[in-house]
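Novice: Structure below; questions to follow.
Read-outs: derived from the displayed coordinates by stated rules, not from any lab. These numbers come from a predicted model, not from an experiment. Here Cβ is always computed from backbone atoms with ideal geometry, including for glycine, and neighbour counts include all displayed protein chains.
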Amino acid sequence: MDRVPHLMRLVLAILSCLMVSPAAWATIRESHGYAQFGTLKYPQGFTHFDWVNPKAPKGGRLRLMASGTFDTLNPYTFKGTSPSATASFFNYGVSELNEPLMVGSGLYDPSGDEPASSYGLIAESVEYSDNFSWVVFNLRKAARFHDGQAITAYDVAFSYRLLRKEGHPQYRTSLKGVKRVDILNRHRIRFVFDQPDPLLVTRLGELPVLPQHYWKDRDFKATTYEPPLGSGPYRIAQVIPGRRLVFERVKDWWGKDLAVNRGKYNFDRVEVEFYRDETVAFEAFKVGEFDFYIEHQAKNWATAYSFPAVTRGDVIRAEIAHQIPTQTQALFMNGRRPIFAERQVRQALGLLFDFEWTNRALFYGAYRRSESYYPNSEFAASGLPEGGEWLALSAYRDSLPAEIFSEPITFPRTAGRGIPRKTLRKALALLGEAGWKLSESGLRNKRGEALQFEILLVNPRLERILQPYVQNLARVGIEARLRTVDASQYKQRLDHYDYDMILTTLAQSLSPGQEQWLYFHSSQVGVEGGRNYAGIANPAVDDLLSRLLQAKSRDEQIAVTRAIDRILLWNHYTIPNWHIGHHRLAYRNRFAYKTTPPYTLGLRAWWLKGLEKVE
């Protein structure tokens, strides 16, 4: 009985392809998911991800913490500060209430045990040509918003256009490349591309689908404490502005029995308290105010977990290894500022950062130095370029320095007892090449201007970590000042690039793609609210980013990303910090989980002990 509609759909797909482009005879593929390279791990008809317990009991309460504050519940726009989530908040999956078309390869929502793959969520299946000139999403007829209205192709088209026009600037970049949007019927929508783009299939799959009937008469850009209409496993039940959010599980949720969701979202109630101060948050955790604490402070992890709840076994302290590419954490120099225009200046500033001393004296030896924009991953450049990376770089041999091909990227190392004189002399020599000379009144250029700048921070704990760096800079006549501001002011200044230097992070994924364009492409230098924090404008990087988005294999993706990494490192746009390859997690001893997948912490698959017997 099902064969006739399927054949009709196939015929319509073929006719659609004929209407799209002259490359009409390209093979049409239809699948329950999409793998950027190779094949999907989970076949058609799979019942659940391997790392979840499909029989996990539902019920109980989960209490989480989040850092900072919020003044709007709309996470999709430039205006205001939406709930700034900690890792635990994101990992539970309640920070955005509108489901995407597909799930699995997003930056914060990997399927857990495979890279560069996604599976249907609102979309039951996906169709695309093997020349990647278009994609069709077939929506589930059962998909509903929380008010009961069906999610249709009209909502998808509306969401795409609204986010492109009025959403955060990142959407204008991440969703670009679409020539035309065709609504084929209420549950079938096609995106026709400007040019073949296999990665655009993934990016469109990540599109959050917003309700047209809810937003069409509202100001999408306005800040609001009114919980927006969602479609996910939770709805907002309580809002205390800036301080508290409570989510309740939607028990008749349309997606609860899907394979991608089975075993997840097991708590009836998720309460999130917002803390402006990490010390206060940790003290609250110690006395039982919330259930999970992801530790970001090495000193705390080494010294602060002997409180009674740990001693009694009521709190479990765990280091959970992972294979997640670590975020890019670094001191970013704002290249829009003239003082950072010269590579020699940037390199000298990097020489004066003593990681070994910092790690020994402040971090209890907990970290490894980050020597890549992609630490803890196969995308990191190392040694001399070879193979595919060498070929990728060779295309720009005329514009790249010869040293990139003949000298490995190296980072200064000390004995952990302070910056040696040899390094100080090298830093001064580099600064001299850039026109800065040391005098009794500090470093001065030909106009008599001092080399001075401000390091803008949002976390006061960082002052203790960076004060030794400030002192090292002072030894060669550089005046650096630490300034810590509150979260809202920090965001405002970042959005408008009103800073000299910042310590921040860039989230990295298992499959580098469009986000790299946002981080490093010259077109993003002037985009308000963008993430090209260093103001990088490098023609070779621009071209390689385009090649990355067109990569046809995992090997090509790795090679091109390593080439990008090497050029970025050679130019010293940032001063890389440190990383670890495991989660530092403390949690109440009343929760259970099946296993921890390699590519995500997987908190959304945990459950409360004792509700029922589970396997």
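Novice: Apply the Karplus curve 6.51 cos²θ - 1.76 cosθ + 1.60, θ = phi - 60°, to the phi angles in region 132-137 and return the couplings in whole Hz, x for Gly and Pro.
Specialist: Coupling constants for region 132-137: 6, 9, 6, 9, 10, 10 Hz.
Novice: Residue by residue through region 142-150, which ³J(HN,Hα) values in whole Hz follow from phi under the Karplus form 6.51 cos²θ - 1.76 cosθ + 1.60 (θ = phi - 60°), with glycine and proline marked x?
Specialist: 7, 5, 9, 7, 5, 8, x, 6, 5
Novice: What number does region 127-256 give for Rg over Rh if you use C-alpha atoms and the Kirkwood radius?
Specialist: 1.00
Novice: Using alpha carbons only, how many degrees (0 to 90, rounded to 10) separate the axis of helix 3-20 from the longest principal axis of the chain?
Specialist: 50 degrees
Novice: By a straight-distance test (C-alpha under 17 Å), which aspartates and glutamates pair with K437 as possible cross-link partners, with residues fewer than eight away in the same chain excluded?
Specialist: Reachable aspartates and glutamates: E342, E449, E479.
Novice: Where does the chain land at 222 nm, in deg cm²/dmol rounded to the nearest 500, when only DSSP H runs of n ≥ 4 count, each adding -39500 (n - 2.57), divided by all residues?
Specialist: -8000 deg cm²/dmol
Novice: I've got another one for you. Using amide H atoms built 1.01 Å from N in the peptide plane, name the residues 5+ places from A237, or on other chains, whose amide H lies under 5 Å from its own.
Specialist: V246, F247, E248
Novice: Arranged by the count of other C-beta atoms within 10 angstrom, fewest first, what order do K251, K79 take?
Specialist: Least crowded to most crowded, the residues run K251, K79.
Novice: Provide V135, V181 in ascending order of the number of other Cβ atoms located within 10 Å of each residue's Cβ, fewest first.
Specialist: Taking fewest neighbouring Cβ atoms as first place, the list is V181, V135.
Novice: Expressed as an acute angle from 0 to 90° and rounded to the nearest 10, what is the orientation of the C-alpha long axis of helix 153-166 relative to the principal long axis of the chain?
Specialist: 20 degrees
Novice: Here is a further query. Return Y160, Y593 ranked ascending by Cβ neighbour count within 10 Å, so the fewest neighbours appear first.
Specialist: Ranked by crowding around the Cβ, least crowded first: Y593, Y160.
Novice: Measure nothing but the geometry: give the 0 to 90° angle between the long axis through the Cα atoms of 539-549 and the longest principal axis through the Cα atoms of the chain, rounded to 10°.
Specialist: Once rounded, one gets 30 degrees.
Novice: Amide H to amide H under 5 Å from E454: which residues, 5+ apart in sequence or cross-chain, H placed 1.01 Å off N in plane?
Specialist: Residues meeting the amide H criterion: R481, D500, M501.
Novice: Related question: Students often forget the sequence filter, so: which lysines lie under 29 Å Cα-Cα from K141 once same-chain residues fewer than 8 apart are removed?
Specialist: Of all the lysines, those that pass the test against K141 - Cα under 29 Å, at least 8 places apart if same chain - are K41, K55, K58, K165, K176, K179, K216, K251, K256, K264.
Novice: Given H placed on each backbone N at 1.01 Å, which residues far from H187 in sequence or on other chains put an amide H within less than 5 Å of it?
Specialist: Long-range HN contacts for H187: A153.
Novice: Still on this model: Using a Cα-Cα cut-off of under 25 Å, which lysines could be cross-linked to K299, ignoring same-chain neighbours fewer than 8 residues away?
Specialist: Counting by Cα, and skipping residues close in sequence, K299 has these lysines nearby: K286.
Novice: On average over all directions, what projected area in square nanometres does region 328-579 have, based on the convex hull of its Cα atoms?
Specialist: Value for region 328-579: 13.7 nm².
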